[in-house]
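Notes follow once the structure below has been shown.
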Amino acid sequence: MIRWCRQNDRPWKLVYAVRSRQRTAYYEELNAVGHEFLQFHIDDEAGEVLNVTMALDDLASDEQVYCCGPAPLMTAVANATSDRPAGSVHFEWFNAGSVSPASSGQNSDMTLELRRSNITLEVPGHQSILEAIEAAGIDHPFSCREGACATCETKVLEGAIDHRDFVLSEEQRSKGDAMMICVSRAADGHLVLDL
Ligand code: FES
């Protein structure tokens, strides 16, 4: 993301909180990129964890926040940004070990219509959409297979989505036109995908 911002002449700032300097991945690489945009917070040197509210208090309303880290940090950032405009705060989880709050939790069978491939698939409850299309011989990009990276994002043409990912914002979910097919399912048993 930093490389993209630099290439596209967009302003950025990285606030990097870490327990100790020894655990600071990319320390040299980041320092080489530009000191003035970096704020390291090293817990054992500061004697306390990052004050997230203070770290974010100079944000303009049109700036975007991207946060990645363990659950306590994510929660602190979510609390500190709760009054920011919808869609301006984004979270990427280290892992998807918890259950997305948007999920119904039901793994029901689904019928999938793949509009461009002109294929209809019956997907049993134990199989993900990504697994079903792979079994049908369709190649689709993926990475985490846990709803955390957005690589498998797929356009939805018809049907209600049971979102189970950790990357879409509430605003994106409410549009109902895209889903992470590695984890999300049909809310009412039928979906038409742009595949
Ligand atoms: Fe990462 Fe689906 S493969 S969200």
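Nothing in this text is a laboratory measurement; each read-out follows from the coordinates by a stated rule. These numbers come from a predicted model, not from an experiment. With ideal geometry, Cβ positions are generated from the backbone for all residues, glycine too; neighbour counts draw on all protein chains shown.
Going from the alpha-carbon gyration tensor of segment 110-195, what semi-axes, largest first and in whole Å, does one get by taking the root of 5 times each eigenvalue?
Whole-Å semi-axes of the equivalent ellipsoid: 18, 14, 12.
Please report the base-10 log of the normalised intensity I(q)/I(0) for the chain, using a Debye sum with one equal scatterer per alpha carbon and no solvent, at each q in 0.07, 0.14, 0.16, 0.18 (1/Å).
-0.27, -0.89, -1.05, -1.19
About the Cα centre, and with charges only on the beta carbon of Lys, Arg (+1) and Asp, Glu (-1), how big is the dipole of the chain? Nearest 20 debye, please. Don't jump to the answer; show the numbers that get you there.
On the way: 16 positive and 30 negative charges, 43 e Å.
For the chain, the charge dipole is close to 200 debye.
GNM, the chain, Cα, under 10 Å: largest mean-square fluctuation among N107, N31, N79?
Highest fluctuation among the options: N31.
Within a 10 angstrom radius of the beta carbon, how do R115, R10 rank from fewest other beta carbons to most?
Working: R115 13, R10 10.
Lowest count first: R10, R115.
Would you pull out the residues with amide H under 5 Å of V65's amide H, same chain only if 5 or more places away, H placed 1.01 Å from N?
Hits under the 5 Å cutoff: V89, H90.
Taking the square root of 5 times each eigenvalue of the Cα gyration tensor, what semi-axes in Å does the equivalent ellipsoid of segment 125-168 have, largest first?
Over the Cα atoms of segment 125-168, the semi-axes work out to 16, 14, 11 Å.
For a quick check, take a GNM of the chain with Cα springs below 10 Å and name the residue from S128, S143, S61 with the largest mean-square fluctuation.
So, out of S128, S143, S61, the one fluctuating most is S61.
Considering every pair of different Cα atoms, what Kirkwood radius, in Å, is found for segment 1-78?
Details: mean 1/r = 0.0729 Å⁻¹.
It is 13.7 Å.
Could you calculate, for segment 9-51, the ratio of the Cα radius of gyration to the Kirkwood radius, expressed as Rg to Rh?
1.00
Of F166, F40, F142, which has the largest mean-square fluctuation in a 10 Å C-alpha GNM of the chain?
F40
Give me, ordered by chain and number, the residues 5 or more places off A186 or on other chains with an amide H under 5 Å from its own placed amide H.
Hits under the 5 Å cutoff: D162.
I'd like the orientation of helix 71-80 relative to the chain: the angle between its Cα long axis and the longest Cα principal axis, in ° from 0 to 90, rounded to 10.
Helix 71-80 and the main axis of the chain meet at about 80 degrees.
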